[in-house]
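The values are calculated or read from the model by the stated rules, or taken from the named source; none is laboratory data. The shown structure was predicted, so the numbers you read here are calculated from the model rather than taken from an experiment. In this analysis, Cβ positions are derived from the backbone assuming ideal geometry, glycine residues included, and neighbour counts consider all displayed protein chains.
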Amino acid sequence: MQVLESMIHHGHERISFLNDPATGLRAIIAIHSTVLGNALGGTRRFHYATEYDALFDVLRLSEGMTYKAAAADLALGGGKSVILLPRAGEQPTEAQGRAMGRFVESHCGAYIAAEDVGVSPQFCDWMAQECRHIMGGEAVSIGGDPSPWTALGCFNSMKACLRQLGRQVDFSNLSVGVQGCGATGFKLAKLLRGAGAAVMVTDVHIPSMKRAVEELGCVALGNDRNLFTEKLDVIAPCAMGGMLDHTTIANLHCEIVCGTANNQLLNPADDGALLKQRGILYAPDFIANAGGLIRLGGLHLGMTEAAIDQKVAAIEETTLTVLRESANAASTSDAAISYARRRIDAMRQTKSAQMVGAR
């Protein structure tokens with residue numbers, strides 16, 4: 001990958017790399033845009049097969065955060081960071097958390113870190129011992145686990161999908177497949193079960209899947225079956241990104257795709273168009289899963305709890321607006337990006353006019 005060419009193509013402002021010999025920490029921070037404000041985005045701890053995979057992931061994730069914040073009408077930009085683990089399942093340490101905090105602090109607030117896959121509120125608090133720009137902790141920083149708000153926002157987005165299809169907003173007769181029973185997937189399944197939906201679950205981590213079965217009454221998918229080929233009303237991808245590609249989409253037997261995972265489409269332009277061609281309604285991920293960002297971003301910006309809750313509830317109407325606008329777009333994904341870019345472009349023009357006026 002040609003890093004600078006990729007930055008130019010996707011509009012990134014800054015990419016930073018860290019190798020910390022004392023702790024063994026290897027990390028990347030990508031700031032996509034600060035047009036609307038400082039860039040807030042989670043820190044992901046993951047074992048990548050190659051450095052290329054890590055860089056590809058952080059570039060896509062940070063760009064998605066820009067659109068997520070813009071579509072949610074937050075005065076925040078988009079950024080993301082990844083920590084490259086030498087092996088899967090490596091346990092986090094305070095020393096590495098502090099080293100990551102110093103890395104974030106070196107950006108002087110242009111990047112605000114939070115939690116993502118592999119990072120807990122404890123890790124956020126370790127980072128916060130060395131950095132003033134951390135959200136998602138419980139003792140040193142604030143915000144805690146944002147997954148309940150992510151799940152609720154996705155649930156609200158599903159309501160919009162039902163409305164767009166002219167269906168009653170009633171989950172009691174719906175069958176939903178949830179891929180991934182982690183922090184957000186489990187909570188989404190709980191909301192769905194509470195609303196009366198029949199929920200089928202799958203997860204590579206068997207104890208997580210077993211918990212959803214025992215505590216929520218979900219049905220576990222057997223190892224010989226593929227969730228993405230099941231006949232369901234809704235499929236909710238709630239694990240890692242890139243699970244929807246040409247092959248997966250060709251085998252879908254559902255009306256709606258709406259989940260909490262980031263970057264669900266492997267190739268956004270082509271895969272989004274293919275979903276539309278197949279008549280499958282796709283809730284753009286960065287709109288459906290914005291609840292967690294709204295929670296932490298709202299707290300960072302000084303919003304009240306009531307205002308934050310109102311913004312999470314508004315995900316339903318934002319989703320519906322984008323789905324309606326997609327009638328004139330190649331896909332719902334393209335319509336969502338256009339929706340977000342309108343706000344970014346408006347702010348960029350405002351700033352340009354202010355700079356001209358100040359001369």
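May I ask you to say which residue of ALA189, ALA160 is within 17 Å of VAL257 (Cα to Cα), buried (at least 23 other Cβ atoms within 10 Å of the Cβ) and out of contact with any strand residue (DSSP E or B) (no Cβ under 8 Å at 6 or more places or on another chain)?
Only one candidate qualifies: ALA160.
Taking PHE171 as the residue in question, decide whether it is surrounded by 19 or more Cβ atoms within 10 Å (Cβ to Cβ), more than 20 Å from the chain's Cα centre (by Cα) and of a type in the set (Phe, Trp, Tyr).
yes
Tell me which residues, restricted to region 46-73, are crowded, with 21+ Cβ neighbours inside 10 Å and either more than 15 Å from the chain's Cα centre (by Cα) or free of Cβ contacts under 8 Å to residues at least 60 places away in the same chain (or both).
ALA54, VAL58, LEU59, SER62, GLU63
All but one of (1) surrounded by fewer than 21 Cβ atoms within 10 Å (Cβ to Cβ); (2) in contact (Cβ under 8 Å) with a residue 24 or more places away in the chain; (3) closer than 19 Å to SER172 by Cα hold for CYS218, so report the exception by its number.
(1)
Here's a check for you: in region 245-269, which residue that is without any contact (Cβ under 8 Å) to a residue 40 or more places away in the chain and β-branched (Val, Ile, Thr) is nearest to THR321 (Cα to Cα)?
Filtering first and then ranking leaves VAL257.
Of all residues in region 102-139, which are touching a strand residue (DSSP E or B) at 6+ places or on another chain (Cβ under 6 Å), part of a loop (DSSP other than H, G, I, E, B) and either farther than 21 Å from ASP57 by Cβ or among the hydroxyl-bearing types (Ser, Thr, Tyr) (or both)?
Within region 102-139, just HIS133 meets the criteria.
Check GLY292, GLY272 and return the single one that is touching a Ser or Thr at 6+ places or on another chain (Cβ under 7 Å), touching a residue at least 60 places away in the same chain (Cβ under 8 Å) and farther than 30 Å from ASN251 by Cα.
The conditions single out GLY292.
If you scan region 257-306, which residues turn out to be outside any helix (DSSP H, G or I) and under 17 Å from ALA329 (Cα atoms)?
Once the filter is applied, which keeps residues that are outside any helix (DSSP H, G or I) and under 17 Å from ALA329 (Cα atoms), region 257-306 yields LEU265, ASN267, ARG278, GLY279, ILE280, LEU281, TYR282, ALA283, PRO284.
Yes/no matrix, rows are residues, columns are (1) in the same structural domain as PRO237 (by TED's automatic domain parsing); (2) under 27 Å from HIS133 (Cβ atoms); (3) aliphatic (A, V, I, L, M):
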{"residue": "ILE280", "(1), (2), (3)": "yes, no, yes"}
{"residue": "PHE286", "(1), (2), (3)": "yes, yes, no"}
{"residue": "VAL322", "(1), (2), (3)": "yes, no, yes"}
{"residue": "GLU325", "(1), (2), (3)": "yes, no, no"}
{"residue": "ALA329", "(1), (2), (3)": "yes, no, yes"}
{"residue": "ILE344", "(1), (2), (3)": "no, yes, yes"}
{"residue": "THR350", "(1), (2), (3)": "no, yes, no"}
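What's the total number of residues in region 32-64 that are closer than 24 Å to ASN267 by Cβ, β-branched (Val, Ile, Thr) and not in a loop (DSSP other than H, G, I, E, B)?
Qualifying residue count, region 32-64: 1.
For (1) within 26 Å of PHE171 (Cβ to Cβ); (2) basic (Lys, Arg), each residue gets a yes or a no:
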residue: ARG211; (1), (2): yes, yes
residue: ILE235; (1), (2): yes, no
residue: ASP271; (1), (2): no, no
residue: GLN277; (1), (2): no, no
residue: ILE280; (1), (2): yes, no
residue: PHE286; (1), (2): yes, no
residue: MET303; (1), (2): no, no
